1. Report the local net charge at Ala89: Lys and Arg +1, Asp and Glu -1, summed over other residues whose C-beta lies under 13 Å from its C-beta.
2. Treating only the Cβ atoms of Lys and Arg (+1) and Asp and Glu (-1) as charged, compute the dipole magnitude of the chain about its Cα centre; round to the nearest 20 debye.
3. How high is the relative contact order of the chain, given as a whole-number percent (alpha carbon pairs under 8 Å, six or more residues apart)?
4. Over segment 104-219, consider all pairs of different Cα atoms and compute the Kirkwood hydrodynamic radius from their mean reciprocal separation; express it in Å, one decimal.
5. Assuming a viscosity of 1.002 mPa s and a temperature of 20 °C, what translational diffusion coefficient in µm² per second does Stokes-Einstein assign to segment 33-83, Rh being the Kirkwood radius over Cα pairs?
6. Regarding the chain, what whole-number volume in Å³ per residue does the convex hull of its Cα atoms give?
7. Pulled fully out, how much extra length does the chain show between Arg93 and Asp120, if you take 0.36 nm times their separation in residues and subtract their Cα-Cα distance?
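Here, each number is a calculation from the coordinates, and none is a lab measurement. Just so we're clear, the structure is a prediction, and the values are computed from it rather than from any experiment. Cβ: placed from backbone, ideal geometry, glycine included. Neighbour counts: every protein chain shown.
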Amino acid sequence: MIRCAAECDTRNSGPICRIVRRVRFGVTISRVQAEIAAKRLAREGLTDRCQVICADFAELPVEPHYDAMVAVEAVVHSPSLENLLPSLADRLRSGGRLILCDDWLTDKDRGLAARERCLDQFRAGWRVGSLHTVAELVAMSERAGLRLVEDLDLTSYLRLGRPRDHVIRLAVDATVVVPRLRDRLVEMPFWANMIGGSALQAALSRRWLEYHLIVLEKA
Ligand SMILES: C[S@@+](CC[C@H](N)C(=O)[O-])C[C@H]1O[C@@H](n2cnc3c(N)ncnc32)[C@H](O)[C@@H]1O
């Protein structure tokens, strides 16, 4: 059996419950999410298979070491991916894999004011600390002793521009009419989510960001 750790989302605990037959530990920074996950795992009779802990993925317990670690839309929130990668690599066994599914910067329109504004809204709204290109990730990973095994661009599989996304965009766009309103709204979790999500949709549809599955392997 693979000994595996996964960052997990517990809004619906979907990913963790779907892949739990292969996952031993889940990690979330949110105590509320960890409690919801514990209840969901208990309800599904999976408590003996998987444990979800509330911890910072940058400060995981020194033991155990894992065959694989999976982070879906999570490492982008790290204040420093450069510092995070060596600490995750330390917790992998030799030959172990780090699987990251996240948003990555591209070089398209780099320096264009509209692009940089959009990316700033994404960073501010979704509390994003680490936005990098895949090339930057690969270089940082190599410094941490991890080599690229696979890079899959999944952007075209995303369902962007659903009717509710248009409604959110209209609401977010309307906030620019009052000076500095958006700066104040971005401090409020509900609006931050709307502003960040809307900027993410715009950036993905213009390919300023791409959504990639990356597999890295420890030497
Ligand atoms: C945008 S959500 C993505 C959730 C999920 N993977 C999904 O696919 O829906 C970001 C997740 O990263 C987790 N997270 C962010 N920073 C973290 C940290 N420093 N340590 C552990 N988990 C963290 C949050 O708890 C949250 O569950």
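1. On the way: positive: Arg91, Arg93, Arg97, Arg143, Arg147, Lys218; negative: Glu82, Asp90, Glu142, Glu217.
Charge balance near Ala89 sits at +2.
2. Values: 32 positive and 29 negative charges, 140 e Å.
Roughly 680 debye, rounded to the nearest 20.
3. On the way: 363 pairs, mean separation 49.9, N = 219.
It comes to 23 percent, rounded to a whole number.
4. On the way: mean 1/r = 0.0646 Å⁻¹.
The Cα-based Kirkwood calculation yields 15.5 Å.
5. On the way: Rh = 13.0 Å.
Rounded, D is 165 µm²/s.
6. Numbers: hull volume 28.4 nm³, N = 219.
Considering the Cα atoms of the chain, their hull volume per residue is 130 Å³.
7. On the way: separation 27, 0.36 × 27 = 9.72 nm, distance 3.66 nm.
Additional length available on full extension: 6.1 nm.
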